[in-house]
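The values are calculated or read from the model by the stated rules, or taken from the named source; none is laboratory data. Worth saying up front: this structure is predicted, and the values here are computed from it rather than measured. Reconstructed Cβ throughout: ideal geometry from the backbone, glycine too, with neighbour counts over all protein chains shown.
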Amino acid sequence: MNGMYSYDTEIIEKEASSVVMNVGPSHPATHGTLRLKMHVQGELVTQCEQEIGYLHTGFEKLGEYRSYNQFVTITDRMNYISPLNNNIGYALAAEELLGIQVPERCQLIRVILAEMSRVADHIFALGAMTMDLGAFSSILWSFVEREKLYDVFESVTGTRLTTSYTRVGGLAFDLPAGFEARSLKILDETEETIKKMRDSFLENPIFLERTRGVGVITEQDVYDYGITGPIARASGVPYDLRKFKPYLGYEKFDFKVPIFTEGDSFARYAIRLDEMMESCKIVRQAIAQLKPGPINYEDQKHVLPDKGSVYHDMESLIHHFKVIMPGGKHGIQPPKKTMYTATEAPNGELGFYLISDGGASPYKVRVRPPSLFNYQIYSKLMTGANLSDLVTILASFNVIAGELDR
C-alpha cells in the first residue's frame, strides 16, 4: 500500500506541476490555422494534441458541384505556395479519366513550371524556417528569388498566386516570347542564392545546435504514417513519384533523388537545398527540348478550343459552349470510371481520386494532400521534446493549412 500511495502522489505532483499551453490557431510560427494544445513541465512537453481544419473550405465537396475545368481554380487554394503543381496534378488525373494524353510541348511546359514552382516552394520554406529560428536575412533572400519566379509565372499564366493555368487536355496559354532566356537567367541567380543559404547555415553552430537530432523521424515512422516527399527522403526512404511512376516524360530527364538518413530537422533543411538544384537541372533540360507545336489535345469535344479561334470560327465557338455549358449532354463527359492519379508535389505525394458517373461533374472527389499525412506524426515528435523544439520541427515540415482542410 505504501508503494502504491507513493506512486500516486508522484503522478499527482507531476500533473499539478504541468501547464497547459495553447499555440495557435493564429500564432505566427504555425504558418496557418493550426492549433497545438500542450502539457508542459518546465521546458519539457509531456503531451501534445494537434487540431486541424479551421479553414472549413470543403474543397472536395466543391469539386462535386463544378465541371472538370472549373475545379482547376479550386486546386489553387489547396496549396497556395505551389498552385501550379496542384493544377498540373489535377489535370493529369482528369486526363487519365478521359484516356487522353497531351502533346509533347504541353508536357514540357508543365514540367518546367512544376519544377520552377517546386523551387519557389522550397526556397520560401527554408527562408521561413531559418527566420523562425532567428535569422532574418535568409527570408529576404528567399523572398527576392520567389518574386523573380512569380514574375515568370505571371508572364505565363496572367496571375501570380492563384494561377489556374491548366485545362483538362492542355493549357490556357502558350509561353510568352523571351520566356526561355528569362527563365535561364533567373535559374542562375537562384542557384547563387541556394549556395548562399547552404554556406550560411549548414556549418552554422547555432543552426546545427537547434536542428541536429531534433524531431527525428525514423524510416519505420515514414511507413507507419504514410509520410512522403522531402520529409520521407530525409529519413532514408527513396520514394519519388517522378522516378517510381514517371509522368509527363520525367523518365527522359537526368536528375537524382537526394537522400539523407538522419531524419532530423537538419536533414529536412539540407535535402530541400539539394532538391532545388536538381529541379533547376530538370528545367534546363526541358527548355532545351522545347519545340514549336500544339499545347492542347486535338479533340475539341473534350478540350476547350483556342480562345483566338473561338472569336473567329463558328465550329470552335460551338465546341466552346458544348464544353462549358453544364447539365444534360453538355460539358466534358468521361466514361463511368474510378481513377486515382498522383504526382510528386513539393511536399510529397499529391493524389486525386475521381469517380465519374458519366456526367459533366465528378460524382466523387477525394484528394490526398501530402501535408495531411506528414503532419500526423507531429504530436509524437513533440511528446518528450523541449518547448524550444516546437518551432524548429514545425518549420521543417512546411505544413500548408490548405492541405489539412477536410
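Based on what the data block shows, is Y250 buried (at least 18 other Cβ atoms within 10 Å of the Cβ), of a type in the set (F, W, Y), modelled with pLDDT under 95 and closer than 25 Å to T341 by Cα? Steps first, please.
Details: buried (at least 18 other Cβ atoms within 10 Å of the Cβ): yes; of a type in the set (F, W, Y): yes; modelled with pLDDT under 95: no; closer than 25 Å to T341 by Cα: yes.
So Y250 fails the test.
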**Prompt:** Which residues, counting only those in region 338-362, are at pLDDT below 95 and not in a strand (DSSP E or B)?
**Reply:** D357, G358, G359, A360, S361, P362
**Asked** Just a yes or no: is a residue in region 260-269 assigned to a helix (DSSP H, G or I) and either of a type in the set (A, V, I, L, M) or in contact with a strand residue (DSSP E or B) (Cβ under 8 Å, 6 or more places away or on another chain) (or both)?
**Response** yes
**Asked** Just for region 281-302: of the residues that are among the small types (G, A, S) and surrounded by 11 or more Cβ atoms within 10 Å (Cβ to Cβ), which one is farthest from the chain's Cα centre (by Cα)?
**Response** G293
**Complete:** Matching residues in region 261-298 (out of contact with any helix residue (DSSP H, G or I) (no Cβ under 6 Å at 6 or more places or on another chain), of a type in the set (A, V, I, L, M) and in contact (Cβ under 8 Å) with a residue 12 or more places away in the chain) number 3
**Message:** Suppose the filter is under 20 Å from I52 (Cα atoms), aliphatic (A, V, I, L, M) and surrounded by fewer than 21 Cβ atoms within 10 Å (Cβ to Cβ); does L317 pass it?
**Reply:** no
**Prompt:** What is the number of the single condition among (1) in a helix (DSSP H, G or I); (2) touching a residue at least 40 places away in the same chain (Cβ under 8 Å) that S316 does not meet?
**Reply:** (2)
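Which residues, taken from region 365-383, are of a type in the set (D, E, K, R) and either assigned to a helix (DSSP H, G or I) or touching a His at 6+ places or on another chain (Cβ under 8 Å) (or both)?
Filtering region 365-383 down to residues of a type in the set (D, E, K, R) leaves 366, 368, 380.
Within region 365-383, just K380 meets the criteria.
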**Item:** Scope region 223-236; condition buried (at least 22 other Cβ atoms within 10 Å of the Cβ) and farther than 25 Å from L44 by Cα; matching residues
**Value:** I227, T228, G229, P230, A232, R233, A234
**Prompt:** Does A93 fit the bill of being under 19 Å from the mean Cα position of the chain (by Cα), at pLDDT 95 or above and among the small types (G, A, S)?
**Reply:** yes
**Message:** From the list I318, I355, exactly one residue is of a type outside the set (G, A, S) and under 29 Å from the mean Cα position of the chain (by Cα). Which is it?
**Reply:** I355
**Message:** Looking at region 394-406, can you tell me whether even one residue there is among the hydroxyl-bearing types (S, T, Y), crowded, with 24+ Cβ neighbours inside 10 Å and either within 30 Å of P28 (Cβ to Cβ) or touching a strand residue (DSSP E or B) at 6+ places or on another chain (Cβ under 9 Å) (or both)?
**Reply:** yes
**Fill in**
When restricted to V303, V237, the only residue touching a residue at least 24 places away in the same chain (Cβ under 8 Å) and out of contact with any Lys or Arg (no Cβ under 6 Å at 6 or more places or on another chain) is V303
**Request:** Could you run through region 194-232 and say how many residues are part of a helix (DSSP H, G or I), more than 16 Å from Q376 (Cβ to Cβ) and out of contact with any Asp or Glu (no Cβ under 7 Å at 6 or more places or on another chain)?
**Result:** 15
**Item:** Top-ranked residue of region 166-190 - restricted to ones that are within 21 Å of the chain's Cα centre (by Cα) and either without any contact (Cβ under 8 Å) to a residue 40 or more places away in the chain or in a helix (DSSP H, G or I) (or both), ranked as surrounded by the fewest Cβ atoms within 10 Å (Cβ to Cβ)
**Value:** L187
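Could you name every one of the helices (runs of 4 or more DSSP H) located completely within region 70-165 that has at least 1 residues being among the aliphatic types (A, V, I, L, M) and free of Cβ contacts under 8 Å to residues at least 40 places away in the same chain? Walk me through how you get there before you give the answer.
Numbers: elements: 71-78, 83-98, 104-132, 137-157.
Output list reads 71-78, 104-132, 137-157.
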